[in-house]
Amino acid sequence: MKKLLVLFLFTLFSLTSAQSFNIEHNEIIDSNIVLKPEFQHKAINQVVTQILSRYHYKKIAINDSLSSIIFDNYIKSYDNGRYYFLKADIDEFEKYRFEIDNNLYSGKLDPAFDIYNRYKKRLDERMDYVQKALENEFDYSKDEYYVPDRKQMEWALSSAELDDIWRKRLKSDALNKKLSKDDWETIQKALKRRYQNYHKLILQYQPEDVFQLYLNAFAEAVDPHTNYLSPKNSEQFDISMNLSLEGIGASLRLIDDYTTIAEIIPGGPAFKSKDLHPDDRIVAVSQGDTTEFVDVIGWRIDDTVQQIRGKKGTVVRLRVLRADKSISEATDIVRLVRDKVKLEERAASKEVIQIDEDGVNFKLGIIKIPTFYLDFAAKSKGDIDYRSTTRDIKKLLTELKEEKVDGVIIDLRNNGGGSLDEAIQMTGLFVDEGPIVQIKSSDSKIEVGEDPDAGIFYDGPLAVMVNKYSASASEIFSAAIQDYGRGIIIGEQTFGKGTVQNLVDLKKFVPITDKEKIGKLKLTIAKFYRVNGNSTQHRGVIPDIKFPSALDPSEYGESSQPSALPYDNIKSSNFQKYGNLSEIIKMLMAKHSDRIKNNQEFKYLAEDISLYKENIKKKEFSLNEDIRKQEREKNEDRKKERENARNITVKDKEEVPIKDMKIDDPLLEESGHILADMIFEINSKVK
């Protein structure tokens, strides 16, 4: 089990310690430089190809079919929105579509660099147009529309056609700023700077940057968790593995030109602020409290990361477009002080809540687990007091027993994984003995992770809360609790990451002397399976009691990734269930449904889900100022109406006894009612 000890979740980039990258606006960069592969790239390319073809779990065939996918991935890595390349460019590049498989074995990289150099040329042309288009203010009285998502659109046939697409893009950007009370001079200056900065970033690309994009177009065609890490990013990954996180404490991904929050790292500044959430979009970044914001819409993810991360104690401000808002709505400013994320701050915590259900008061313990952690360094040194999730949970459960709670809720929402060994050991606190997880390697051998200790530490009523960001180790724990019938699972269907990755140091395989120029390969080597034999891949864990969700499970997590490994199953392990909760779950579901009919927060949640789905379906946005203003005012009025309603509720609380006061988290409160119903039912049967 040692090789599988750490299960890193699905983050693409962790915002770890580094100097902030600031562009000097007077810096002169030669846009005529043509990049070419460096001497080491051929050998690295060949080695990565051999490793992926021989040792990846998927047993891939490097052929024309894969070549075509890599080609599309690589084009998208530069121009996913189809704002730069012309159809003539794509037609010319088509000659490479079915050559890439052969090039991977030979190490030939000329096509990859040809495509980058053409992209740079088209970017130069677009930046020239931006300067001209922003010379005069736009006419916002016209009835015309902007389509931001162009992934399925045809490639532009001419520069004139691209000019019109860009005119509408710039007009939409300008209108958003105008509605935020900026004058034209400010808008003009900000938009010019946005695209100038992006242009300079691309012009500063080195051959290693292009090479990394190309190899990742290959790796991610195989599966979404296999990645090539350049020497620079390899170093960053090592830092995150050692739990030495210094920055804002978040992971990012790029969605439709927007740098989007993928995960909030427990214990970090973003986590503590409670003002940044998964799926929020970062549209601009400011260093400190006084510098101007730098727009990062359309930037590559690693370039945005360079802007956001920085030294401990420094301030970064983010202009954020919330997850549930359309591009025409107002943004918020989030101020964060960069810091080092300590293991202590990522630790599990507890609280006790009071739930009144059918005239009976229930005292419930809540244990929040942000991640499955283990202090490897302290343990390896022989420190008898090393920190781990299981050790901390035992202490918290002991305290809750002393407080005589009626039941316990384990809150795994937004827990993206961590130590597999800790997930197994922690599950053992709630079951007597037996298998916890099955792991199938690429050679089809199956290893079973067993509960290491006989006996149950906590045998009382149990519920587990999950959501769509609960992944990997979180899914292993909740799946085992569900399969054993040990407790009920409440929330959203989980992420569905059922694969295991190993980090391969390529320096061991590439026969060149300058080892500093060689990175690492993150490689998928195994899959997880529940004790009942079903995979957690794609499906994740389906809750016994489902809460409303804005997204269908097929639209997030593994299921949203076209190259994700498929769902399958293997033979069930030999395990003994604690009981059949199906009849109790039917009763719990009926009571839950009746209760939320009159719950105002669940009504708000239903409204938000409906609005979110409307926004997702919306393909075009008006460029008429009056229409856009009405849309924004409508959303602001809705927000104020809710705030006023909630303020009235807060005043009413002052007259309510402490034990009957509402809990700030409506989903946690409802989970408390569900567990209370379960306890009531169990106690009535015992009597």
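Where a number appears in this text, it was derived from the coordinates with a stated rule and is not lab data. Worth saying up front: this structure is predicted, and the values here are computed from it rather than measured. As a convention, Cβ positions derive from the backbone with ideal geometry for all residues, glycine included, and neighbour counts pool all protein chains shown.
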Query raised in the report: Which helices, counted as full DSSP H runs in the chain, have an axial Cα extent of no less than 27 Å and a Kyte-Doolittle average of 0.5 or above?
Result: none
Query raised in the report: What percent do you get for the relative contact order of segment 414-546 when only Cα pairs under 8 Å and 6+ apart count?
Result: 28
Query raised in the report: How much mean residue ellipticity at 222 nm does the chain get from its helices, if each DSSP H run of length 4 or more adds -39500 (n - 2.57) and you divide by all residues, to the nearest 500 deg cm²/dmol?
Result: -13000 deg cm²/dmol
Query raised in the report: Expressed as a rounded percentage, what relative contact order does the chain have, with Cα pairs under 8 Å and six or more residues apart?
Result: 15
Report summary line: Here the FRET efficiency for Arg642 versus Ser180, based on Cβ atoms and R0 = 22 Å and rounded to 0.05, is 0.55
Report task. Take each of the peptides 262-268, 474-480, 573-579, average the number of other beta-carbon atoms within 10 Å over its residues, and list them starting from the highest. Result -> 474-480, 262-268, 573-579
Requested in this report: Any of Lys340/Lys379; Lys363/Lys685; Lys522/Lys617; Lys87/Lys497; Lys274/Lys520; Lys168/Lys192 with alpha carbons more than 26 Å apart? Name them for me.
Outcome: Lys522/Lys617; Lys87/Lys497; Lys274/Lys520
Query raised in the report: Tell me, what is the FRET efficiency for Asp568 and Tyr55 to the nearest 0.05, using R0 = 30 angstrom and their Cβ-Cβ distance as r?
Result: 0.90
Report task. Over the alpha-carbon set of segment 435-544, divide Rg by the Kirkwood Rh and report the Rg/Rh ratio to two decimals. Result -> 1.13
Query raised in the report: Roughly how big is the chain's charge dipole about its Cα centre, with Cβ charges of +1 (Lys, Arg) and -1 (Asp, Glu), in debye to the nearest 20?
Result: 940
Report summary line: If the chain between Lys401 and Glu447 were fully extended at 0.36 nm per residue, the gain over the current Cα-Cα distance would be 13.1 nm
**Report entry** Given charges at Cβ of Lys, Arg, Asp, Glu: the chain dipole, positive-most of Ile165, Gly485, Phe547
**Finding:** Gly485
Report task. Can you tell me what the convex hull of the Cα atoms of segment 2-340 projects to on average, as an area in nm²? Result -> 18.2
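Which length gain, in nm to one decimal place, applies between Gln152 and Arg322 when the Cα-Cα distance is subtracted from 0.36 nm times their residue separation?
Contour length minus the Cα-Cα distance gives 58.7 nm.
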Query raised in the report: What number, in percent, do you get for the relative contact order of segment 303-416 if the mean sequence gap of Cα pairs under 8 Å and at least 6 apart is divided by its residue count?
Result: 22
Requested in this report: Have a look at Ala43, Tyr228, Ala284 and report the one farthest towards the positive end of the charge dipole of the chain, computed about the Cα centre with Cβ charges (Lys/Arg +1, Asp/Glu -1).
Outcome: Ala43
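First measure r as the distance between the Cβ atoms of Asp358 and Glu144, then evaluate 1/(1 + (r/R0)^6) with R0 = 51 Å and state the FRET efficiency to the nearest 0.05.
0.30
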Query raised in the report: What nm value, rounded to one decimal, do you get for the distance between Glu433 and Glu94 when each label is placed 7 Å out toward the C-beta?
Result: 6.6
Query raised in the report: Share of Cα-Cα pairs in the chain beyond 44 Å, in percent?
Result: 26
Query - Per-peptide average of other Cβ atoms within 10 Å, ordering 104-112, 486-494, 539-547 highest first - result: 486-494, 539-547, 104-112
Query raised in the report: What's the extension gain from Val315 to Ile33 if we count 0.36 nm per residue and subtract their Cα-Cα distance?
Result: 98.0 nm
**Report entry** Ordering of 623-629, 466-472 by packing [mean C-beta count within 10 Å, highest first]
**Finding:** 466-472, 623-629
Requested in this report: Would you please give the residues with an amide H less than 5 Å from that of Gly519, counting only those at least 5 places away or on a separate chain, with H modeled from the backbone geometry?
Outcome: none
Query raised in the report: Under unit Cβ charges (Lys, Arg +1; Asp, Glu -1), what dipole magnitude, rounded to 20 debye, does segment 63-198 have relative to its Cα centre?
Result: 540
